[in-house]
Protein chains: 2
Amino acid sequence: MSVRTMAQQARLASGIDAERGAILHANRADMTAASGAGLALAKLRRLELTDASLTQLIKGLERVIALPDPVGAVTREQVMASGIRVRRVRSPLGVIAMIYEARPGVTVDAFALCFKAGNACILKGGKEASASNRVLARIAHRALAEHGAPASALTLIESADRDELRELLTLDQFIDLVIPRGGKELIRFVKEHSKIPTVQHFEGVCHIFVDESADLASAEHVCATAKTSAPATCNAAECILVHENIAGVFVPQLVGRYQCDGVEVRGDARVCELAPAAKGASADDWGREFLDLIVAMRVVSGLDDAIEHVRRYSSNHTEAILTRDEGNAEAFTARVASSCTLVNASTRFNDGFQLGLGAEIGISTSRVHAYGAMGLEELTTQRYIVTGQGQTR
Amino acid sequence: MSVRTMAQQARLASGIDAERGAILHANRADMTAASGAGLALAKLRRLELTDASLTQLIKGLERVIALPDPVGAVTREQVMASGIRVRRVRSPLGVIAMIYEARPGVTVDAFALCFKAGNACILKGGKEASASNRVLARIAHRALAEHGAPASALTLIESADRDELRELLTLDQFIDLVIPRGGKELIRFVKEHSKIPTVQHFEGVCHIFVDESADLASAEHVCATAKTSAPATCNAAECILVHENIAGVFVPQLVGRYQCDGVEVRGDARVCELAPAAKGASADDWGREFLDLIVAMRVVSGLDDAIEHVRRYSSNHTEAILTRDEGNAEAFTARVASSCTLVNASTRFNDGFQLGLGAEIGISTSRVHAYGAMGLEELTTQRYIVTGQGQTR
């Protein structure tokens, strides 16, 4: 099994490499149609494939190939007093349906990870990416066929209206897990209609709390890059909370830095007072995933106030504290139960590769089954295999 | 936290011990009403508490107290090339709602496990157990109050009609996990209406396949006791599949043993021919959880036929093979993906205590989140805590 999945994935990687022209051609058609239809800039960025991003995709596949096969791994082994030998082993989940936005790279990543974990997958990407996805699925199907795997290991749903999607979500006899990955509306629709277990990959409304004891030079650098290095990703910082005792110094400093970096700051009254370059935030700027060069900023009275803000507005994705106070660091990571909490590091580290999973299919924001970065192991289940010599009870 | 939960659980155990009279009195009222209302015998057995079963409950609580605290346990720790230290830690799921049948022992077990894993729980047991559950919840609330925990750690829903239950299942902002545990109708209702993630504890339609190479004396003993030692439990065997090459000897032998033990056998045509004491099975006896001294029996042509039968009729709970052929044992445990597959051991070992979990809240028959026996760890999630020195990317 493992050897064959490796061969198929290697074939998928070389197929992508060989068909760069066809993939980029299809992607350009998708981009033209989407930009003509007025798709938002952040979404266009996610839709676009380039020669460089294809190279990244291929590298990602190579990393997946190199990962150990999760299926069959023994996670616990014990001989009980009764004499039975108990093993807990990783096993495929079965059929995984993933519903996501117009991001053709996800099509390749999701198939590679689901397949390596022994699952069949049904992929429904955003319709704006349909030409790109069709070419990528064709390459994947050829890789499957060349190594004797059934084509049903990957089913691409090219387009589906809401009624068809609703019907898909009732097929709990055939589908074991649904992974919706995208915005509020998609998640809500899937939650509303799914009779199949779901693990949600919801938006990342990531907060950074700059405590009064923070190293301010480092804090400026972390806050700035957490927004600018990849503003359209789910682990980008969307809101900065500044301790009032350092606000007088740090707010003007950070707003200045953001101005240099082309980031629009939407601040509360105190922020606007300290740094007139900031715009006034509206109520719906709190808890908002801008996915763009925009950041919200608020002055808080301390740790409790920061935690209260996070609890109210976060999407359980990623939250960071910048501090030199170990007690505050511990309190923050204990009381903020987001999928990843960081002390003195950028929110952008909440990523399967950065956390050592080797690959990821996304970041789950629901606590059941898998919370946070989902790698190969999170695409499996565990079951028991018991061997005895005729034991009864 | 750990010390306090231990104190509360110890107080719950001593409270149950001190109030045996009140609990048994309430339970007798429940039993009288339920038997007057014509509740089936298997369900009456699950409803009944005795002095001995209370002693078992108290022993169960003591075992839970002795288990290590799962919350805060570090399951992975790694320093990455970037210099960040990544820890994955166990964390409570949040609020767990459990909907189950009239089994007052489950009320105590479920609260103890949910609470020890740091969760609040909402318990809705079958209405036939409402007097028993009310007394047990009162004792639990006293234990919570005496040690300063909020009463909201346990909410008992004494009765709810289907409309109220349906409303409960939409409260996904407040409830993190729903565990329905019971029969087809309950599971179907919850699946139909829940917007909250669910882990199902469905019925156990457990099969034993007696291969041609099985030790027949041992096989007789395993098959007999897997039904008779606790016929109303979910891990009791419900269907015996016998290899045709040994059917001539083994079917009459096993049917004779079942007759001695008071077990009714419902066989296919071949079984009835070989052992006239067997009744003819009807189509709905396959895949049926009898929960009583009744067992289905079929002659199969071999391993493939047995596996095909299991795939069609099993509830993914527990399946066993009795064989001396290692290849067949491996094929069976690889191809049958039930939550527990056993080789040469009784299906009754699929139980949290027997498998080494220390305790269990039930046996999940769904693959997502937790599959099979659910102990303390399965009532938690895992999240990442990262510490750095100002790292960015």
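Below are the figures for this structure:
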| item | result |
| --- | --- |
| When residues of the range B:340-365 are limited to those that are buried (at least 24 other Cβ atoms within 10 Å of the Cβ) and of a type in the set (G, A, S), the one nearest to A:N350 (Cα to Cα) | B:S364 |
| Strands (runs of 3 or more DSSP E) wholly inside the range A:91-161 containing at least 2 residues that are more than 14 Å from chain B (Cβ to nearest Cβ) and on the phi > 0 side of the Ramachandran plot | none |
| Among residues of the range A:338-366, those that are free of Cβ contacts under 8 Å to residues at least 24 places away in the same chain and facing another protein chain (nearest Cβ under 7 Å), counted | 5 |
| From B:E101, B:E77, residue being acidic (D, E) and more than 16 Å from the chain's Cα centre (by Cα) | B:E77 |
| Flag for B:F189 being under 30 Å from A:T170 (Cβ atoms), within 13 Å of another protein chain (Cβ to nearest Cβ) and more than 18 Å from the chain's Cα centre (by Cα) | yes |
| The one condition in (1) farther than 22 Å from A:Y100 by Cβ; (2) surrounded by 15 or more Cβ atoms within 10 Å (Cβ to Cβ) that A:E62 fails to fulfil | (2) |
| Residues of the range A:30-52 that turn out to be closer than 20 Å to A:I139 by Cα and surrounded by 15 or more Cβ atoms within 10 Å (Cβ to Cβ), as a count | 4 |
| Test set (1) more than 15 Å from B:Y384 (Cα to Cα); (2) at pLDDT 95 or above; (3) buried (at least 24 other Cβ atoms within 10 Å of the Cβ); (4) of a type outside the set (S, T, Y) - A:D325 fails condition number | (3) |
| Strands (runs of 3 or more DSSP E) contained in the range B:324-377 and holding at least 3 residues more than 15 Å from the chain's Cα centre (by Cα) | B:340-345 |
| Residue selected from the range B:195-223 under the condition within 7 Å of chain A (Cβ to nearest Cβ), part of a helix (DSSP H, G or I) and surrounded by fewer than 24 Cβ atoms within 10 Å (Cβ to Cβ), by the criterion nearest to the chain's Cα centre (by Cα) | B:H221 |
| Single condition B:S315 does not satisfy, out of (1) surrounded by fewer than 17 Cβ atoms within 10 Å (Cβ to Cβ); (2) in a loop (DSSP other than H, G, I, E, B) | (1) |
| Residue satisfying all of: in the range A:241-268; among the β-branched types (V, I, T) and within 24 Å of A:R45 (Cα to Cα); surrounded by the fewest Cβ atoms within 10 Å (Cβ to Cβ) among these | A:V263 |
| Check on B:F290, touching a helix residue (DSSP H, G or I) at 6+ places or on another chain (Cβ under 8 Å), of a type outside the set (K, R) and either within 22 Å of B:A247 (Cβ to Cβ) or in a strand (DSSP E or B) (or both) | no |
| Subset of the range A:344-383 that is touching a His at 6+ places or on another chain (Cβ under 7 Å) and hydrophobic (A, V, I, L, M, F, W, C) - its residue that is farthest from A:V210 (Cα to Cα) | A:V368 |
| Members of the range B:228-251 that are away from chain A (no Cβ under 11 Å) and in a helix (DSSP H, G or I) | B:E244, B:N245, B:I246, B:A247, B:G248, B:V249, B:F250, B:V251 |
| Which listed residue, of B:S82, B:S53, is within 12 Å of chain A (Cβ to nearest Cβ), of a type in the set (S, T, Y) and on the phi < 0 side of the Ramachandran plot | B:S82 |
| Residue match in the range B:319-327 (condition: in contact with a strand residue (DSSP E or B) (Cβ under 6 Å, 6 or more places away or on another chain), within 14 Å of chain A (Cβ to nearest Cβ) and of a type in the set (D, E, K, R)) | yes |
| Count of residues meeting criterion [among the acidic types (D, E) and touching a residue at least 24 places away in the same chain (Cβ under 8 Å)] in the range A:162-187 | 2 |
| Yes/no for B:R76 being charged (D, E, K, R) and within 14 Å of another protein chain (Cβ to nearest Cβ) | yes |
| Index of the failed condition, B:T55 passing every other in (1) in contact with a helix residue (DSSP H, G or I) (Cβ under 8 Å, 6 or more places away or on another chain); (2) at pLDDT 95 or above | (1) |
| Residue match in the range A:18-31 (condition: modelled with pLDDT under 95 and in contact with a helix residue (DSSP H, G or I) (Cβ under 8 Å, 6 or more places away or on another chain)) | no |
| The range B:252-269, subset in contact with a Lys or Arg (Cβ under 7 Å, 6 or more places away or on another chain) and assigned to a loop (DSSP other than H, G, I, E, B), residue nearest to A:Q391 (Cα to Cα) | B:V263 |
| Filter result for B:V300 (touching a residue at least 60 places away in the same chain (Cβ under 8 Å) and either over 23 Å from the mean Cα position of the chain (by Cα) or farther than 24 Å from A:G388 by Cβ (or both)) | yes |
| Helices (runs of 4 or more DSSP H) lying entirely in the range B:1-47 (those with 1 or more residues that are within 18 Å of B:A110 (Cβ to Cβ) and without any contact (Cβ under 8 Å) to a residue 60 or more places away in the chain) | B:2-18 |
| Hits in the range A:113-154 (condition: small (G, A, S), buried (at least 24 other Cβ atoms within 10 Å of the Cβ) and at pLDDT 95 or above) | A:A117, A:A129, A:S132, A:A140 |
| Subset of the range A:48-71 (residues that are farther than 24 Å from A:G182 by Cα and touching a residue at least 60 places away in the same chain (Cβ under 8 Å)) | A:R63, A:A66, A:L67, A:D69, A:P70, A:V71 |
| Some residue of the range B:284-294 being farther than 30 Å from B:I122 by Cβ, touching a residue at least 12 places away in the same chain (Cβ under 8 Å), touching a Cys at 6+ places or on another chain (Cβ under 7 Å) and crowded, with 19+ Cβ neighbours inside 10 Å | no |
| Extreme residue, nearest to the chain's Cα centre (by Cα), among residues of the range B:128-152 that are without any contact (Cβ under 8 Å) to a residue 40 or more places away in the chain and more than 22 Å from B:T233 (Cβ to Cβ) | B:A137 |
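Per-residue answers, yes or no, for (1) over 22 Å from B:S53 (Cβ atoms); (2) in contact with a Gly (Cβ under 7 Å, 6 or more places away or on another chain):
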position: B:L154; (1), (2): no, no
position: B:E158; (1), (2): no, no
position: B:D211; (1), (2): yes, no
position: B:D215; (1), (2): yes, yes
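The values are calculated or read from the model by the stated rules, or taken from the named source; none is laboratory data. Because the structure is predicted, anything quoted here is derived from the model rather than measured. In this analysis, Cβ positions are derived from the backbone assuming ideal geometry, glycine residues included, and neighbour counts consider all displayed protein chains.
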